[in-house]
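The values are calculated or read from the model by the stated rules, or taken from the named source; none is laboratory data. Only a predicted model underlies this, so the values are computations on that prediction, with no experimental measurement involved. Cβ coordinates were reconstructed from backbone atoms using ideal geometry, including for glycine residues, and neighbour counts include every protein chain displayed. Just the protein is used for accessible areas: all its heavy atoms, side chains included, with ligands, DNA and RNA removed. Shrake-Rupley method; radii C 1.70, N 1.55, O 1.52, S 1.80 Å.
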Amino acid sequence: MASEQFLPPKKLINKAGDLVIWLKSEAYHDIVSFIMIVNDAVKGKAVNDTYATSQPINEFIKILDVLSGWVDECPPINQPQRFGNKAFRQWHDKLEKNSESLLSALLDDQQKPATVELAAYLNGAFGDHTRLDYGTGHEASFVGLLCCLMKMRIFREEDATAIALKLFSRYIEVCRNIQLTYSLEPAGSQGVWGLDDYQFIPFIWGSSQLIGHPDLKPSSFVMENVAETWKHQYMFMAAVDFIKSAKTGPFAEHSNALWGISGVAEWTKVNSGLIKMYKAEVSCHFCCTGCVHT
């Protein structure tokens with residue numbers, strides 16, 4: 001680690017043709033492998049199950065708690081436009097100013113020079129300062145940060161369950177609070193034909209959690225009160241409940257892609273299908289990967 005040189009990441013995916021290089025890169029395969037490691041680790045596990053939670057996981061959750069507290073310190077302002085409250089820029093400026101010092105709490109003295117690289121991923125994980133939007137590309141930036149921390153051995157493979165069920169779940173909570181408080185626009189949303197306006201990973205890891213569940217089937221989550229009842233135990237249910245609380249009208253109309261998933265027989269097929277969909281719609285899609293620095 002001492003011999004490593006760390007520099008601020010540069011945005012290298014600037015046009016559609018750059019995706020060919022991205023898909024052949026070590027970084028792409030590292031991130032996909034990381035997603036699969038965590039996916040396997042959470043299979044059949046609920047949030048309140050017993051699993052190891054290391055000190056670095058707890059320290060990172062404290063960072064997210066700090067970011068959540070800043071939302072109260074940067075309340076939305078009165079403005080004529082409905083979406084994209086400009087107070088988000090104040091919150092994001094605070095993030096960019098403090099991200100390196102926050103992340104340094106996770107690193108030992110030899111690792112601290114890496115904060116200049118890691119901070120770029122944290123800064124990119126909560127939305128765009130200029131466009132006042134948030135989408136799966138920003139979520140991918142956070143996943144990239146977690147992947148980096150595992151490659152640096154700050155997180156270990158035995159942390160994989162807690163990474164999803166404790167740390168990533170807390171990240172999603174903070175993001176949803178930010179989205180609602182500042183009315184952030186969905187970035188790259190496909191509308192009714194997209195899986196979700198903002199997130200994707202909770203559906204992948206959340207469907208893995210539900211594999212083998214004796215009662216909850218893919219057809220269950222569209223039923224009345226099921227998602228609300230189970231949202232604290234399964235990320236998939238929490239994501240569906242958030243959509244139901246944010247949108248009006250028949251579920252099949254405003255979330256057609258999710259409605260289609262309810263017709264799949266087994267969670268294993270849902271999970272494998274979502275992984276393929278993620279690779280096609282997010283990690284291989286220019287408007288999403290354009291948010292990721294390499």
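In segment 188-258, which helices (runs of 4 or more DSSP H) lie fully inside it and hold 2 or more residues that are open to solvent by less than 10 Å² (accessible area, probe 1.4 Å), modelled with pLDDT of 90 or more and within 20 Å of C175 (Cβ to Cβ)?
Ranges flagged: 201-209, 235-246.
Can you pull out the residues in segment 141-159 that are among the hydrophobic types (A, V, I, L, M, F, W, C), over 22 Å from K43 (Cβ atoms) and open to solvent by 10 Å² or more (accessible area, probe 1.4 Å)?
The answer is C148, M152, I154.
Report, by residue number, each residue of segment 162-178 that is within 13 Å of the chain's Cα centre (by Cα) and either of a type outside the set (A, V, I, L, M, F, W, C) or not in a helix (DSSP H, G or I) (or both).
K166, S169, R170, Y171, E173, R176
List, please: which pairs have Cβ atoms under 8 Å, are six or more places apart or on different chains, and start with a residue in segment 55-79 that is of a type in the set (K, R) and end with one that is surrounded by 11 or more Cβ atoms within 10 Å (Cβ to Cβ)?
Short answer, once both residue conditions are applied: K62/A105.
Among the helices (runs of 4 or more DSSP H) confined wholly to segment 26-109, which include 2 or more residues that are basic (K, R), in contact with a Lys or Arg (Cβ under 9 Å, 6 or more places away or on another chain) and under 30 Å from V270 (Cβ atoms)?
It comes to none.
Could you list, ordered by first residue, the pairs with Cβ atoms under 9 Å in which the first is in segment 14-25 and over 18 Å from Y278 (Cβ atoms) and the second is open to solvent by less than 50 Å² (accessible area, probe 1.4 Å) and part of a helix (DSSP H, G or I), at least 6 apart or interchain?
So the pair list comes out as D18/T289.
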